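First up is the structure itself, then whatever we jot down about it.
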Amino acid sequence: MDLGIAGKRALVCASSKGLGRGCAEALAAEGVDLVMNARGAEALETTAQHIRDTYGVQVVTVAADITTEDGRAQVLAAAGQVDILVNNAGGPPPGMWTDWEREDFIKALDANMLTPIALIKALVPGMIERGWGRVVNITSQSVKSPIPVLGLSNSARAGLTGYVAGTSRQVAGKGVVINNLLPGIHDTDRADALDAGAAQAGGITPEQARTNRQATIPAGRYGTAQEFGAACAFLCSQYAGFIIGQNLLLDGGAVNTTL
Ligand code: NAP
């Protein structure tokens, strides 16, 4: 299926690895030129070169922390006008509800709520002027079903979800489509880190922790970055113009709800 976005230009934040990389590769496979970002320059450049070689698209890289004002300024300067924005950043650390002070919440809000909002505010006006745009925010299944040890993530992502719910409806008539993708457990470094944490807390091996977590997913496995990227590319496609402000769960059935 041709998604009809060849020749468009996308900024994919936090995309040297994991779900961001999955999104970048799926867009590149559709002929979309990329601006890619991550903090670590080496992995970012390696992934960018792989994408140039594999898909023949143009890829600009910006090694910067997207959660800082300075990092965002660098990324936006390199990005210029983009048609597609994929918001992503690392997730906050796990802990207990008693662990977190005001500074911890501010950091989580900055990374997982205020950074995507700042990038939407910077780039959506240009999309409106040109009459076409797509924004996908990578959030989490924790938006629909809280993960108790990820209280910082639960809080910050709920805030972004509320903002997107209203904003997506304000810009829909201008050709700009904003939606959220909610990952359940996917096979990335982040999942490995969470397995390692669960193993340490439970006195088991990381492999056992993974087996235990897989048993909670009706699909019986972790998701892949490729599957995730394909969903992202569809939400960025010409065919997604009537999908407004939605929260699409990709979790192998783990969140047990009817709607
Ligand atoms: P990952 O495999 O750890 O990859 C994270 C990517 O983001 C890397 O390229 C990393 O590169 C980059 N990055 C992290 N912090 C950044 C920052 N401040 N500025 C710029 N780039 C940054 O993580 P993932 O599994 O893909 O997760 C992506 C998001 O989805 C996270 O917010 C995570 O909480 C959420 N999520 C993931 C899962 C899952 O199962 N994987 C489930 C639910 C939610 P550098 O380290 O070099 O910057």
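Mind listing the long-range amide H neighbours of Val35? Cut-off is under 5 Å, sequence gap 5 or more, other chains count too, H placed in the peptide plane at 1.01 Å from N.
Residues meeting the amide H criterion: Ala10, Leu11, Val12, Val60.
Going by amide H atoms built from the backbone, whose H comes under 5 Å of the H on Asn137, apart from near neighbours?
Residues meeting the amide H criterion: Asn87, Asn179, Asn180, Leu181.
Quickly estimate the mean residue ellipticity at 222 nm for the chain, helices only: each DSSP H run with n ≥ 4 gives -39500 (n - 2.57), and the total goes over all residues, rounded to 500.
The helix-only estimate for the chain comes to -14500 deg cm²/dmol at 222 nm.
Any idea what the dipole of the stretch 188-244 comes to, in debye rounded to 20, about its Cα centre with Lys/Arg Cβ at +1 and Asp/Glu Cβ at -1?
Rounded to the nearest 20 debye, it is 120 debye.
Only helices at least 18 Å long along their axis, Cα-based, and averaging -0.5 or more on Kyte-Doolittle count here, so list those DSSP H runs from the chain.
Values: long enough: 41-55 (21 Å, -0.76); 115-130 (23 Å, 0.91); 151-171 (30 Å, -0.06); 189-202 (19 Å, -0.34).
Counting only whole DSSP H runs, the qualifying helices are 115-130, 151-171, 189-202.
Can you list, largest first and rounded to whole Å, the semi-axes you get for the chain by taking the square root of 5 times each eigenvalue of its Cα gyration tensor? Write out the running numbers ahead of the final one.
Numbers: eigenvalues 159, 80, 72 Å².
Each semi-axis is the square root of five times an eigenvalue, giving 28, 20, 19 Å.
Give the separation of the Cα centroids, the stretch 26-41 to the stretch 98-169, in Å.
If we compute the Cα centre of each part, the gap is 21 Å.
I want to check the label-to-label distance for Asp53 and Gln200. Put each point 7 Å from Cα in the C-beta direction and report it in nm to one decimal.
Distance between the two pseudo-spin positions: 3.5 nm.
Could you sort the peptides 229-239, 73-83 by per-residue average Cβ neighbour count (10 Å cutoff), highest mean leading?
229-239, 73-83
Once you place label points 7 Å from the Cα toward the Cβ at Leu259 and Gln81, how far apart are they in nm?
4.1 nm
Where a number appears in this text, it was derived from the coordinates with a stated rule and is not lab data. A quick note: this is a predicted structure, and the numbers were derived from the prediction, not measured. Backbone-built Cβ (ideal geometry, glycine too); neighbour counts: all protein chains shown.
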